[in-house]
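Everything on this sheet refers to the single structure shown next.
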DNA sequence: AAAAAATGCAACCATTTGGTTGCCTTTGTC
DNA sequence: GACAAAGGCAACCAAATGGTTGCATTTTTT
């Protein structure tokens, strides 16, 4: 039985584009990035509160929040007559991992290239 | 003169949405994510080569490459009658940092909340 | 009960996006 | 020189996106 390869020397796993793409798409808008950081730093906030921080209409904010929610980046809790939105860290971690995987693939390719040149 | 605050205890810096958003937007498409990983793992490739790996037309691939180039994620070199595209790691690193900053903000907010509850 | 606040729903609009096709130009190759 | 390969340019199209406005609904507050 051949010895197990040491960790980190094989080709890195490919990320699954069909899962990460929607998250990146959701992050790919200035207003939504702003909403994320606002919720992240300021805790749960209502639509009205969030709207107060922007130049756009409440309805526009609502739509952006829906996009973020569908990407799993935020979730909402209804409380009384208002709806509080909060950041959900899961998918952002997933996105981080995706970028890490791409970076690792790149490093791996560079290393291979270097070896090929030297050897 | 007051002693300098120890590293990592202050509120993290906000990311600049206007710089990171276009990069995330460029990453927010399955085909483009695929192109990135293809270039990342397979080195410089021509439009024809890249098109061969997809179901869409050469022109569509060209358009996607242009989007990626405008986000600074790839660059091209003309050689003879073909144009070779290669991955450019800079903006992806920037995107990674952006996500790190958001995650750090979140951690900071959680810590603060925890302290408030305990104290 | 009436008024105000917070939100939902729906229609509408302009622009962008992701894709196509057809044809022209440039560059190798036989 | 003729032909094939690789790519550029431009027009076109349908659908998605980001925004608006108007009005209805649900909860509070007074």
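Values quoted throughout were computed directly from the atomic coordinates according to the rules given, and no laboratory measurement underlies them. Since the structure is predicted, the reported quantities are computational estimates derived from the model, not experimental observations. Positions of Cβ are generated from backbone atoms using ideal geometry, with glycine treated the same way; all protein chains shown enter the neighbour counts.
If I filter the stretch A:107-115 for residues that are free of Cβ contacts under 8 Å to residues at least 40 places away in the same chain, more than 16 Å from DNA strand D (Cβ to nearest atom) and in contact with a strand residue (DSSP E or B) (Cβ under 6 Å, 6 or more places away or on another chain), do I get at least one hit? No, the stretch A:107-115 contains no residue that is free of Cβ contacts under 8 Å to residues at least 40 places away in the same chain, more than 16 Å from DNA strand D (Cβ to nearest atom) and in contact with a strand residue (DSSP E or B) (Cβ under 6 Å, 6 or more places away or on another chain).
Listed here are the residues, each with its yes/no results for (1) out of contact with any strand residue (DSSP E or B) (no Cβ under 6 Å at 6 or more places or on another chain); (2) more than 8 Å from chain B (Cβ to nearest Cβ); (3) within 12 Å of DNA strand C (Cβ to nearest atom); (4) closer than 30 Å to residue B:43 by Cα.
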site	(1), (2), (3), (4)
A:36	yes, no, no, no
A:39	no, yes, no, no
A:49	yes, yes, yes, no
A:56	yes, yes, no, no
A:67	yes, yes, no, no
A:82	no, yes, yes, no
A:92	yes, no, no, yes
A:99	yes, no, no, yes
A:102	yes, no, no, yes
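Give me the pairs, please: first residue somewhere in the stretch A:55-69 and farther than 16 Å from residue A:37 by Cα, second residue anywhere and near DNA strand D (Cβ under 7 Å from one of its atoms) and assigned to a helix (DSSP H, G or I), beta-carbon distance under 8 Å, and either six or more positions apart or on two chains. Correct list of pairs: A:56/A:31; A:60/A:31. Restricting attention to the stretch A:26-61, the residues being surrounded by 14 or more Cβ atoms within 10 Å (Cβ to Cβ) and touching a helix residue (DSSP H, G or I) at 6+ places or on another chain (Cβ under 7 Å) number 22.
So which of A:21, A:52, A:25, A:41 ends up being under 14 Å from the mean Cα position of the chain (by Cα) and free of Cβ contacts under 8 Å to residues at least 12 places away in the same chain?
Values: A:52 fails: under 14 Å from the mean Cα position of the chain (by Cα); A:25 fails: free of Cβ contacts under 8 Å to residues at least 12 places away in the same chain; A:41 fails: under 14 Å from the mean Cα position of the chain (by Cα).
Exactly one of A:21, A:52, A:25, A:41 is under 14 Å from the mean Cα position of the chain (by Cα) and free of Cβ contacts under 8 Å to residues at least 12 places away in the same chain, namely A:21.
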